[in-house]
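Derivation of every value follows stated rules applied to the coordinates shown; laboratory data play no part. Predicted model only: the values in this text are computed from it and were never measured. Methodologically, a virtual Cβ is constructed for each residue, glycine included, from the backbone with ideal geometry; neighbour enumeration extends over all protein chains shown.
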């Protein structure tokens, strides 16, 4: 009798899991999902509210695009304190707090470093772009083209929110949709990686760092990870065992939404391959680069101050916010929010060979290295946190110039640089599937 009851109970459990799996609730989700869901809800809704300034309905719709399961998240807003509290079916409640100029981060009681940072306030400039916010060189034919492309995108449900063209150092056209303007801070997701690389290139230029050496992490000093070089980290050929899948229980979600220190999470990963041999796209690696930046400069406050003086101000950023985790280290994998004009500044710096607004941020040699193929066996068309059109047997985008390279982020965020055309194109939005990048960008280049 007991045996039959046990068998029956197990059958019910199996049938229940099969049924839940059919609607996206897997065993892994049951184990890890509530914590990840609450974390992603609190973090992204906080930044949407206080950094972007999105309508709450739009912010929630953007969140649910990742999974219908996230529709079961509840959120409370404490406007006086700048705090968003989120839970999934009332479980695993988490909070994210806003600091002006520093954005949002998930809160962890034993990690006060972020809350102790002394934050500098932005100083807007009316100087001509890229030094300031003034734009006066709009080409009406190009402007009409970008407005038409944006309208076509959104009629197809692609959620394009900004489309901008720089040609020969001037903004020639910019179009905005879904309530966004030229001042709207938009999330670039993994495009932050490309800025992260520039920050390390700046340290190299100033003599603080040798990118061909190892990062010197003490956690790796006594094992085979000591063979990992900074260049291997930059090209994502470090060999670390890190999963970029965004399912509950995978590394990327655990790192971003359940760990107070993203870099500590990745420092604990073991090797899966010999360094330098295999390209493995990894947001974890990007956050190790942020940790390297912080450690090299002497800690979170020193790193933040250096970024403001050596990167933010020389770049001419007007609306940019680079968020940190609770440990005070920049989330170089994911959380740089900026206007389309600010994102275009990053592309223009690269196009100029490392110079912008009369300031050299990285050497011309570094730009050449950053946009050269890596030496991996499986995917060479990736430089120092920059994707390359060439480098493999075939072009990633055969319709576009061979010398193109680009920053790319989730939801089809792109800053693409075209050296042969002296152009930069920025596209920001929230597209869950394919975006007709090659078609749209080739139309823009043909119109130049």
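Take the Cα radius of gyration of the range 75-208 and divide it by 2.2 N^0.38 Å, N being the number of residues; the result is 1.40. Helix 27-47 versus the longest principal axis of the chain: what angle, 0 to 90°, nearest 10, using Cα atoms? Taking the Cα atoms of the chain, the angle to 27-47 is about 40 degrees. With the gyration tensor restricted to C-alpha atoms of the range 172-327, the semi-axes of the equivalent ellipsoid amount to 28, 20, 15 Å, longest first. In whole percents, the pair-distance distribution calculated for the range 289-447 from its alpha-carbon pairs, binned every 5 Å from zero, is 1, 8, 15, 20, 21, 17, 10, 5, 2, 0. Taking 101, 358, 188 in turn, the Gaussian network model of the chain (Cα-Cα springs below 10 Å) assigns the largest fluctuation to 358. The calculated Kirkwood hydrodynamic radius for the chain is 22.7 Å, given to one decimal from all distinct C-alpha pairs. Scaled against 2.2 N^0.38 Å for its residue count N, the alpha carbon radius of gyration of the range 50-102 is 1.18. Taking Cα atoms, how many degrees apart are the long axis of helix 192-205 and the longest axis of the chain, rounded to 10 and kept between 0 and 90? Helix 192-205 sits at roughly 60 degrees to that axis. Build a GNM of the chain with springs between Cα atoms under 10 Å apart, and of 413, 301, 309 the one that fluctuates most is 309.
Sorted fewest first by neighbouring Cβ atoms within 10 angstrom, 244, 174 come out as 244, 174. Centre-to-centre, using Cα atoms only, the range 221-260 and the range 338-384 are separated by 23 Å. Looking at the chain as a GNM with Cα springs under 10 Å, which of 412, 219, 421 has the largest mean-square fluctuation? Comparing 412, 219, 421 in a Gaussian network model of the chain, the most mobile one is 219. Against the chain, whose longest principal axis comes from its Cα atoms, helix 340-351 is set at around 60 degrees.
Which value, to two decimals, describes the C-alpha radius of gyration of the range 197-266 once divided by 2.2 N^0.38 Å?
Normalised by 2.2 N^0.38 Å, the Cα Rg of the range 197-266 equals 1.25.
Separation of the range 136-208 from the range 36-108 is 25 Å, based on Cα centroids.
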